[in-house]
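Participant: Here it is, the structure, as structure tokens.
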Amino acid sequence: MRLSDLFAPTLAVATSAAVATGCVSGPDLQEFKQAPRQLVLEDYFLGKTTAYGVFEDRFGKVRRSFKVDITGTVEDSVLTLDERFIYDDGERDIRVWTIDILGGGEYRGTAGDVPDYAEGKVIGNAFNWKYKVDLKVGDSIWNVGFDDWMYLLEDGVLLNRAYVTRFGIRIGEVTIAFQKQPALGSHSRYNP
């Protein structure tokens with residue numbers, strides 16, 4: 001995803017603001033141990049998934065919206081997600097995640113603009129995924145943190161709330177709703 005266009009107006013404001021730290025703290029994954037639905041990431045994202053999302057700056061203003069068509073494949077305990085973005089202004093972008101399925105609900109992955117590994121864990125219907133992105137802003141590269149919280153809801157909807165930070169200060173949030181696309185002639189536990 002070409003994040004620089006998504007965040008550029010907000011990054012300048014957020015990093016120059018010295019007030020309100022806006023630190024991020026999510027729920028405890030253990031709270032989801034007894035959830036009525038169980039998320040298995042490699043099962044959910046196998047095949048076709050469509051997602052719709054918005055980016056809000058730290059003041060709650062929607063800065064950009066987008067659609068993502070995702071194709072997921074699994075081979076040798078590796079989940080590959082080919083994400084094709086279409087932004088509301090017509091821009092298109094591609095991101096490919098390579099995610100190692102470690103077992104026990106744990107995952108580790110990377111993508112082209114993720115300099116280190118992303119790490120995540122599923123418990124019940126919740127998935128927490130943390131990573132840093134190298135973001136080109138003007139002539140420099142900023143390292144921006146993502147703390148994604150995904151929740152499997154009814155009817156195969158997966159809701160993602162990502163908290164975006166720089167130097168520990170929240171600069172925005174991304175909200176994405178994923179909807180599993182049914183494969184022809186098959187039933188999945190993620191499709192109604």
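The values are calculated or read from the model by the stated rules, or taken from the named source; none is laboratory data. Keep in mind it's a predicted model, so treat the numbers as computed, not measured. Here the Cβ positions follow ideal geometry from the backbone for every residue, glycine too, while neighbour counts run over all protein chains shown. Ligands, DNA and RNA are excluded from the accessible area calculation, which covers all protein heavy atoms including side chains. Shrake-Rupley method; radii C 1.70, N 1.55, O 1.52, S 1.80 Å.
Participant: Return the residues of segment 103-127 that are exposed (fewer than 14 other Cβ atoms within 10 Å of the Cβ) and more than 22 Å from Ala35 (Cα to Cα); say none if nothing qualifies.
Facilitator: Going residue by residue through segment 103-127, those that are exposed (fewer than 14 other Cβ atoms within 10 Å of the Cβ) are 103-104, 106, 112, 115-116.
Gly112, Pro115, Asp116 - these are the residues of segment 103-127 that are exposed (fewer than 14 other Cβ atoms within 10 Å of the Cβ) and more than 22 Å from Ala35 (Cα to Cα).
Participant: Just one of Val133, Val144, Val122, Val114 is of a type in the set (A, V, I, L, M) and out of contact with any Leu (no Cβ under 7 Å at 6 or more places or on another chain); which is it? Quick ask: steps written out before the conclusion?
Facilitator: On the way: Val133 fails: out of contact with any Leu (no Cβ under 7 Å at 6 or more places or on another chain); Val144 fails: out of contact with any Leu (no Cβ under 7 Å at 6 or more places or on another chain); Val122 fails: out of contact with any Leu (no Cβ under 7 Å at 6 or more places or on another chain).
Only one candidate passes the filter, namely Val114.
Participant: Quick check, is Ala111 among the aliphatic types (A, V, I, L, M) and either farther than 27 Å from Glu31 by Cα or touching a Lys or Arg at 6+ places or on another chain (Cβ under 8 Å) (or both)?
Facilitator: Working: among the aliphatic types (A, V, I, L, M): yes; either farther than 27 Å from Glu31 by Cα or touching a Lys or Arg at 6+ places or on another chain (Cβ under 8 Å) (or both): yes.
Here the answer is yes, as Ala111 does meet what is asked.
Participant: Across segment 33-52, which residue is surrounded by the most Cβ atoms within 10 Å (Cβ to Cβ) among those that are small (Gly, Ala, Ser) and in a strand (DSSP E or B)? Can you show your working first?
Facilitator: We begin by selecting, within segment 33-52, every residue small (Gly, Ala, Ser); these are 35, 47, 51.
Remaining after also requiring in a strand (DSSP E or B): 47, 51.
Working: Gly47: 19, Ala51: 17.
Top of the filtered list is Gly47.
Participant: In segment 128-142, is there at least one residue being without any contact (Cβ under 8 Å) to a residue 60 or more places away in the chain, over 22 Å from Pro27 (Cβ atoms) and crowded, with 17+ Cβ neighbours inside 10 Å?
Facilitator: Among the residues of segment 128-142, not one is without any contact (Cβ under 8 Å) to a residue 60 or more places away in the chain, over 22 Å from Pro27 (Cβ atoms) and crowded, with 17+ Cβ neighbours inside 10 Å, which makes the answer no.
Participant: Looking at segment 20-31, is at least one residue open to solvent by 30 Å² or more (accessible area, probe 1.4 Å), in a loop (DSSP other than H, G, I, E, B), among the β-branched types (Val, Ile, Thr) and modelled with pLDDT under 85?
Facilitator: Yes, some residue in segment 20-31 is open to solvent by 30 Å² or more (accessible area, probe 1.4 Å), in a loop (DSSP other than H, G, I, E, B), among the β-branched types (Val, Ile, Thr) and modelled with pLDDT under 85.
Participant: Could you tell me which numbered condition Leu81 fails, if it satisfies all but one of (1) open to solvent by 50 Å² or more (accessible area, probe 1.4 Å); (2) more than 18 Å from Val174 (Cα to Cα)?
Facilitator: Tallying (1) open to solvent by 50 Å² or more (accessible area, probe 1.4 Å); (2) more than 18 Å from Val174 (Cα to Cα), Leu81 fails exactly one: (1).
Participant: Which of the numbered conditions does Arg95 fail, given that it passes all the others? Conditions: (1) charged (D, E, K, R); (2) surrounded by fewer than 18 Cβ atoms within 10 Å (Cβ to Cβ); (3) within 22 Å of Thr73 (Cα to Cα).
Facilitator: (2)
Participant: Pull out all pairs, ordered by first then second residue, where Cβ-Cβ is under 7 Å, the residues are six or more apart or on different chains, the first lies in segment 105-116 and is without any contact (Cβ under 8 Å) to a residue 24 or more places away in the chain, and the second is open to solvent by 20 Å² or more (accessible area, probe 1.4 Å) and in a loop (DSSP other than H, G, I, E, B).
Facilitator: That search, which allows pairs on different chains as well, returns Arg108/Tyr117; Thr110/Tyr117.
Participant: Filter segment 143-169 down to the residues that are open to solvent by 40 Å² or more (accessible area, probe 1.4 Å) and among the aromatic types (Phe, Trp, Tyr) and list them by number.
Facilitator: Listed by number, the residues that qualify are Tyr151, Tyr163, Phe167.
Participant: Which residues, taken from segment 53-64, are in a strand (DSSP E or B) and surrounded by 15 or more Cβ atoms within 10 Å (Cβ to Cβ)?
Facilitator: Step one: list which residues in segment 53-64 are in a strand (DSSP E or B), which gives 53-57, 62-64.
Within segment 53-64, Gly53, Val54, Phe55, Glu56, Asp57, Arg63, Arg64 meet the criteria.
Participant: Which strands (runs of 3 or more DSSP E) sit wholly inside segment 69-160 and have at least 2 residues that are modelled with pLDDT under 95 and in contact with a helix residue (DSSP H, G or I) (Cβ under 8 Å, 6 or more places away or on another chain)? Explain how you work it out, then say what you get.
Facilitator: Details: elements: 78-87, 92-103, 106-110, 118-123, 126-137, 140-152.
In segment 69-160, 126-137, 140-152 are the strands (runs of 3 or more DSSP E) which contain 2 or more residues that are modelled with pLDDT under 95 and in contact with a helix residue (DSSP H, G or I) (Cβ under 8 Å, 6 or more places away or on another chain).
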